[in-house]
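Report on the following structure.
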Amino acid sequence: MSLLKRKKQAATDESAEPVTKPTKGERLGQAKDLGVHHSTQGGIDVAGWVDSRTNATGIFTAMMSRHVPKGTNWFYTLGSATMFIFAMQAITGVFLSMYYTPSATQAYASITHLTNEVFMGEFVRGMHKWGASLMIILIFLHMARTFFFGAYKYPRELNWVIGVVLLILTTVMGLTGYLLPFDQRSFWATIVANNITASGPVVGPYLADFLRAGPDFSATTLSRFYALHMMVVPGLIGALIGAHLFLVVKLGTTAPPWIRAPRPKGARPSEAIAAGVATEDLEEVPVAATASAGAAGVPVDEAEADAAEAEAVLATEAEETEAELSASAPAADETPVDEASTEEPADASAEPPAEDSGNGEVNS
Ligand code: HEM
């Protein structure tokens, strides 16, 4: 480049406006102006347009690109599997409802027609029927996972309670759906279920009356079950799944019980804090704290054992740090660092850095 050209270039650079970084929404929205021709261009434009008005991609990213703890496994997919089956039930249910007639005189005939004459009718009905059983199995397995992994504990108690309501509503879906074909088996089985409901304490008789929708089991019972099965309960389940997932995203996923978060380097080990004693006091006067632990109902032995354990951990950490330092700084005539770290230390008193401290906690 000639000197003149270089001067011109410099002048242009100086007069150039400071570049401000466009937001994500703007970037997506302006993609068209960049002259990029791509088959997905239309999709990007629409996504940018929607995103700049809703920040939907932010929500989507928060849902789909969450950090999950180390050690998560296939058991963590049971909730999503339950949700998938719920979606399948909703889809197959919509198709079934196109042919079903919720009337005491026509319900059975409409189901027979759907099964024998409608294209893929038997298949869709079968999917809906098997899906109902599968959803119940999956929901129990998912509940067992959250229970055995301790995911019901603070701060996820509310999510557990929402889960219990979801479980009840799912069984209500099973009960109300069972009557809909209105054949001999579904008719008599539902009468038995209604009588069992009536035998429940306090609310039992009222609940049975509500479900029966009258003094006798009749056509109005079928209408009531149909309304509950088609609208009320799926609506509630959908809304509660939304709340359930919101809390999962907000609170994060529980780590498996055998994985403990590594303690950051230099962090102090956990200590038993006696009721009514401020943390600063504990650090200043540990003896008084231990004594007041006894006064507060915490056995002194236990508090002392905790304090001793904390001291032992601190001592081990100091030893580890020393061992690490001595391993990484060999004398000039000693083995190189990478070899030394793979071998047993020559000095018997220097312990190798521990992989696992023995209490299930993984050291980083
Ligand atoms: C329609 C039924 C249900 C659906 C669709 C559903 C869906 C989900 C999903 C997708 C997750 C996140 C992924 C996972 O941890 O598996 C989750 C987490 C959770 N669910 Fe459910 N769930 C349902 C019922 C239940 C039930 C019956 C309970 C317990 C009574 C329950 C308790 C929990 C808890 C405590 C978590 C948090 C787990 C953690 O943080 O590790 N859920 N659920």
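A few notes on this one:
- For the pair Val202 and Tyr154 in one chain, pulling the backbone fully straight at 0.36 nm per residue adds 14.1 nm over the alpha carbon distance.
- Extension gain for the segment Leu169 to Ala243, taken as residue separation times 0.36 nm less the Cα-Cα distance, is 25.2 nm to one decimal.
- Pairwise label distance in nanometres, Asp209 with Leu236, each label 7 Å out on the Cα-Cβ vector: 1.9
- Summing Cβ point charges (Lys, Arg +1; Asp, Glu -1) relative to the Cα centre of the range 75-251 gives a dipole of roughly 480 debye.
- Candidates Val164, Leu180, Pro102 compared by Cα position along the dipole of the range 77-180: farthest toward the positive end lies Val164, with charges placed on Cβ.
- Radius 14 Å from Cβ of Gly150, net charge of other residues (Lys, Arg +1; Asp, Glu -1): +3
- A simple spin-label model places pseudo-atoms 7 Å from Cα toward Cβ; at Ala144 and Ala219 they are separated by 4.6 nm.
- Orientation-averaged projected area, Cα convex hull of the range 116-250 (nm²): 10.4
- Cα gyration tensor shape of the range 46-199, rounded if a/c is under 1.5, else prolate or oblate by comparing a/b with b/c: oblate
- Distance between modelled label sites at Ile59 and Trp258, nm, 7 Å Cα→Cβ extension: 3.9
- In this structure, Gln184 and Glu122 have a Cβ-Cβ separation that, at R0 = 25 Å, corresponds to a calculated FRET efficiency of about 0.80.
- Estimated FRET transfer efficiency when R0 is 45 angstrom, pair Lys70-Val94 (beta carbons, to 0.05): 0.65
Each value in this text was obtained by applying a stated rule to the coordinates, not by laboratory testing. Please read these numbers as outputs of a predicted model, since none were measured by experiment. Reconstructed Cβ throughout: ideal geometry from the backbone, glycine too, with neighbour counts over all protein chains shown.
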